[in-house]
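K.L.:
Okay, handing you the structure first.
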Amino acid sequence: MTTNEIISPENLVYTKTKVLNDTPMHYCPGCSHGVVHKLIAEIIEEMDFQDKTIGIAPVGCAVFAYKYLDIDWQQAAHGRAPALATAVKRLLPDRLVFTYQGDGDLAAIGTAETIHAANRGENIAIIFINNGIYGMTGGQMAPTTLLGMKSSTSPNGRTAPLNGNPLDITKLLAQLEGTCYVTRQSVHNVASVRKTKKAIRKAFENSMEGKGTSVVEVVSTCNSGWKLSPAASNDWMVENMFPAYPICDLKDL
Amino acid sequence: MAKIKGAVVVNIERCKGCNLCVVACPSNVLALNKEANSKGYNYSIMVDPDSCVGCAACAYVCPDACITVYKVRV
Ligand SMILES: Cc1ncc(C[n+]2csc(CCOP(=O)(O)OP(=O)(O)O)c2C)c(N)n1
Ligand code: SF4
Ligand code: SF4
Ligand code: SF4
Ligand SMILES: [Mg+2]
């Protein structure tokens, strides 16, 4: 059988979901943001929730998320996505409401909003892209930047006396009464992509069942900020990010 | 014995030449083309189509959802 014969609708096993539109995404080649966008879009299609989902976009590289997923969106001020999601979900409880936030957005400027929304147990899903850096603004140190990790504002590597310790905010969120599901995943290979998809689906279902706040951290790469190729970034992440941010369920009620 | 044969179609203009699909393919089917698309990215192509088993590993890891996968039992 020739390649051209195999390429036929009845043999189709995988194609881009229609919830992800045809607009090319602005992300750098190989950026983890794209993989997570794709998974969220696939889940919304599989749940048949395209008309019932409201995403809250952050400030950070994902500020334009609303251009790519064909659902309703609001765009929040930097760090305020969980506060905006709270309002949207309370006004429209039948909608699936999720935030999509980077580590600078969620764990630096938005720490208060994140902690209080999770502590109140708002029925939202928080998708947290932890690439250990401020990607959008040129690779500055984030609260999540690892000790020893170089960034444009820690050119010799982060040190605890000068810069403080890395913040494992996901671990903190797992301690709060309001969270029902807190997990840390990644998207660097097929197995991890599949697991992250299941985790996000569960977070979405929890929010529709009114179980409280679900948090899915995706340990991610920012190959431009890290100054490595996309494949080398994945390897660097496994070697350096995973020991500090281990892949596991932190809470599952 | 039934054999599985696969094939992929890459959306050339959407591809950013990140190479992640090339690394993910267990059968070394893919490589970046010498030719670039209109944005200057060396896009992914099948260089060994006969080895494709349609496992979709390439498509799962592609950050830009560029890859469509087909599979048949022959
Ligand atoms: C109120 C405010 N302060 C600061 C900024 C500048 N700023 C834009 S994005 C960003 C950090 C983004 O980092 P992160 O949330 O980790 O997202 P990434 O780009 O890494 O995905 C900062 C500080 C801003 N836009 N608004
Ligand atoms: S700067 Fe980093 S996080 Fe932003 S799009 Fe590029 S690789 Fe992704
Ligand atoms: S479908 Fe599987 S075998 Fe075929 S190119 Fe993709 S990863 Fe390789
Ligand atoms: S993973 Fe996607 S964007 Fe990257 S080279 Fe392959 S087809 Fe192109
Ligand atoms: Mg970041």
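K.L.:
Identify the residue in region B:41-74 that is closer than 17 Å to A:T2 by Cα and among the hydroxyl-bearing types (S, T, Y) and, among all such residues, is farthest from the other protein chains (Cβ to nearest Cβ).
P.N.:
The selected residue is B:S51.
Let's see how each residue does on (1) touching a helix residue (DSSP H, G or I) at 6+ places or on another chain (Cβ under 6 Å); (2) among the hydrophobic types (A, V, I, L, M, F, W, C); (3) part of a helix (DSSP H, G or I):
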| site | (1), (2), (3) |
| --- | --- |
| B:K16 | no, no, no |
| B:C21 | yes, yes, yes |
| B:G40 | no, no, no |
| B:S44 | yes, no, no |
| B:A65 | yes, yes, no |
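K.L.:
Next question. Taking A:R80 as the residue in question, decide whether it is within 14 Å of ligand 1 (Cβ to nearest atom), within 23 Å of A:K211 (Cα to Cα) and of a type in the set (K, R).
P.N.:
Considered against the rule, which asks whether it is within 14 Å of ligand 1 (Cβ to nearest atom), within 23 Å of A:K211 (Cα to Cα) and of a type in the set (K, R), A:R80 comes out as yes.
K.L.:
Does any residue of region A:206-219 turn out to be at the interface with chain B (Cβ under 10 Å from one of its Cβ atoms) and either of a type outside the set (D, E, K, R) or surrounded by fewer than 24 Cβ atoms within 10 Å (Cβ to Cβ) (or both)?
P.N.:
no
K.L.:
So, one more: Considering only region A:194-207, I want to know if a residue exists there that is within 16 Å of ligand 3 (Cβ to nearest atom) and within 19 Å of the chain's Cα centre (by Cα).
P.N.:
The initial filter retains those residues of region A:194-207 that are within 16 Å of ligand 3 (Cβ to nearest atom), namely A:194.
Next cut, within 19 Å of the chain's Cα centre (by Cα) only: A:194.
Among the residues of region A:194-207, at least one is within 16 Å of ligand 3 (Cβ to nearest atom) and within 19 Å of the chain's Cα centre (by Cα), which makes the answer yes.
K.L.:
Next up: Quick one: how many residues across region A:41-67 are under 28 Å from B:G17 (Cα atoms), in contact with a helix residue (DSSP H, G or I) (Cβ under 6 Å, 6 or more places away or on another chain) and more than 16 Å from ligand 5 (Cβ to nearest atom)?
P.N.:
So the answer is 2.
Conditions tested, residue by residue: (1) more than 8 Å from ligand 1 (Cβ to nearest atom); (2) buried (at least 18 other Cβ atoms within 10 Å of the Cβ).
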{"residue": "A:G102", "(1), (2)": "no, yes"}
{"residue": "A:D105", "(1), (2)": "no, yes"}
{"residue": "A:T114", "(1), (2)": "yes, yes"}
{"residue": "A:A118", "(1), (2)": "yes, yes"}
{"residue": "A:N156", "(1), (2)": "yes, no"}
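K.L.:
Please work out if B:P26 is within 16 Å of ligand 1 (Cβ to nearest atom) and in a loop (DSSP other than H, G, I, E, B). Steps first, please.
P.N.:
Working: within 16 Å of ligand 1 (Cβ to nearest atom): no; in a loop (DSSP other than H, G, I, E, B): yes.
Answer is no for this residue.
K.L.:
Scanning for something touching a strand residue (DSSP E or B) at 6+ places or on another chain (Cβ under 7 Å), under 23 Å from A:I40 (Cβ atoms) and touching a residue at least 24 places away in the same chain (Cβ under 8 Å), does region B:36-43 turn up at least one residue?
P.N.:
Within region B:36-43, not a single residue is touching a strand residue (DSSP E or B) at 6+ places or on another chain (Cβ under 7 Å), under 23 Å from A:I40 (Cβ atoms) and touching a residue at least 24 places away in the same chain (Cβ under 8 Å).
K.L.:
On to the next question. Among the candidates B:V29, B:V22, B:V74, B:V53, which residue alone is touching a residue at least 40 places away in the same chain (Cβ under 8 Å), more than 16 Å from ligand 2 (Cβ to nearest atom) and in contact with a Ser or Thr (Cβ under 9 Å, 6 or more places away or on another chain)?
P.N.:
Every option except B:V53 fails the conditions.
K.L.:
Yes or no: B:G6 touching a residue at least 60 places away in the same chain (Cβ under 8 Å), in contact with a strand residue (DSSP E or B) (Cβ under 6 Å, 6 or more places away or on another chain) and within 11 Å of another protein chain (Cβ to nearest Cβ)?
P.N.:
In short, yes.
K.L.:
Would region A:45-55 turn up any residue that is within 16 Å of ligand 2 (Cβ to nearest atom) and either closer than 21 Å to B:C66 by Cβ or within 14 Å of chain B (Cβ to nearest Cβ) (or both)?
P.N.:
No, region A:45-55 contains no residue that is within 16 Å of ligand 2 (Cβ to nearest atom) and either closer than 21 Å to B:C66 by Cβ or within 14 Å of chain B (Cβ to nearest Cβ) (or both).
Just so you know, all these numbers are worked out from the coordinates, no wet-lab data involved. Not measured: the values here are computed from a predicted model. Every residue, glycine as well, gets a Cβ built from its backbone with ideal geometry; the counts of neighbours run over all protein chains shown.
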